[in-house]
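Input: a single structure, listed below in structure tokens.
The values are calculated or read from the model by the stated rules, or taken from the named source; none is laboratory data. Since this is a predicted model, take the numbers as computed values, not measurements. FYI the Cβ positions are ideal-geometry reconstructions off the backbone, even for glycines, and counts take in every protein chain you see.
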Amino acid sequence: MPQGKKGRKPAAPTRRTASDTARAHQATRKAHAQETAEDYAEAIADLIRTVGEARVVDLADRLGVSHVTVVRTVARLQREGLVVTRPYRSIHLTDRGRLLAEDSARRHEVVVRFLRALGISEPTAQADAEGIEHHVSEETLAAFARFADGRRPRRA
């Protein structure tokens, strides 16, 4: 049998229980729901800023999803207190929704600046930032900003 560090047998792999797996899946779904909320809030804020209003059809077009998906997601965001909407009217962000949109846009912009500083093309940087912005820690985001601004990285 192979020996591990200092001649000891390697530890047996731990076995995941069904409840461990369920918790992992729940955490993943929660993270994806947060990503979706951030993407919608950012898109709604951008549509309001550029077009004057955010409508279901515009969100569907902007996010590349169906009308039904937008309606269901907006209903969830309304239950979570991020948007306000009425039938046949445009969608508005609440104060919480606006803060989420601003934070998401800030994170996106920092990631794009970092990727551009690495020499990544604008279209690729924009596309890649869409995924990275949701998963990067504040510590890493700050390092991205320092690098993009040409400042020397700090040592941990």
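Computed quantities for the displayed model
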item	result
Members of region 108-120 found to be without any contact (Cβ under 8 Å) to a residue 40 or more places away in the chain and either surrounded by 15 or more Cβ atoms within 10 Å (Cβ to Cβ) or not charged (D, E, K, R) (or both), listed by number	Val110, Val111, Val112, Arg113, Phe114, Leu115, Arg116, Ala117, Leu118, Gly119, Ile120
Every pair of residues 6+ apart whose Cβ atoms lie under 8 Å, when the first sits in region 61-83 and is free of Cβ contacts under 8 Å to residues at least 24 places away in the same chain while the second is buried (at least 16 other Cβ atoms within 10 Å of the Cβ) and outside any helix (DSSP H, G or I)	Gln78/Thr85; Gly81/Thr94
Close pairs from region 121-132: first under 21 Å from Ala37 (Cα atoms), partner charged (D, E, K, R), Cβ under 9 Å, at least 6 apart	Ala129/Arg107; Ala129/Glu109; Glu130/Asp39; Gly131/Glu35; Ile132/Arg107
Extreme residue, modelled with the lowest pLDDT, among residues of region 10-56 that are among the polar types (S, T, N, Q) and assigned to a loop (DSSP other than H, G, I, E, B)	Thr14
Test: residue in region 89-111 that is farther than 20 Å from Arg49 by Cα, charged (D, E, K, R) and out of contact with any Gly (no Cβ under 7 Å at 6 or more places or on another chain)	no
Every residue from region 27-86 that is under 16 Å from Arg98 (Cβ atoms) and β-branched (Val, Ile, Thr)	Ile44, Ile48, Thr50, Val74, Val83, Val84, Thr85
Unmet criterion (only one of (1) modelled with pLDDT of 95 or more; (2) surrounded by fewer than 17 Cβ atoms within 10 Å (Cβ to Cβ)) for Leu82	(2)
Residue match in region 100-123 (condition: in contact with a strand residue (DSSP E or B) (Cβ under 9 Å, 6 or more places away or on another chain) and outside any loop (DSSP other than H, G, I, E, B))	yes
Number of the exception - Ala33 against (1) among the aliphatic types (A, V, I, L, M); (2) closer than 30 Å to Ala148 by Cβ; (3) surrounded by 16 or more Cβ atoms within 10 Å (Cβ to Cβ)	(3)
Residue in region 126-141 that is charged (D, E, K, R), out of contact with any Asp or Glu (no Cβ under 6 Å at 6 or more places or on another chain) and over 22 Å from Ala45 (Cβ atoms) present	yes
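For every residue, the table says whether it meets (1) in contact with a Lys or Arg (Cβ under 6 Å, 6 or more places away or on another chain); (2) more than 23 Å from Gly150 (Cα to Cα).
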position: Ala54; (1), (2): no, yes
position: Asp61; (1), (2): no, yes
position: Gln78; (1), (2): no, yes
position: Ser90; (1), (2): yes, yes
position: Ala105; (1), (2): no, no
position: Leu118; (1), (2): no, no
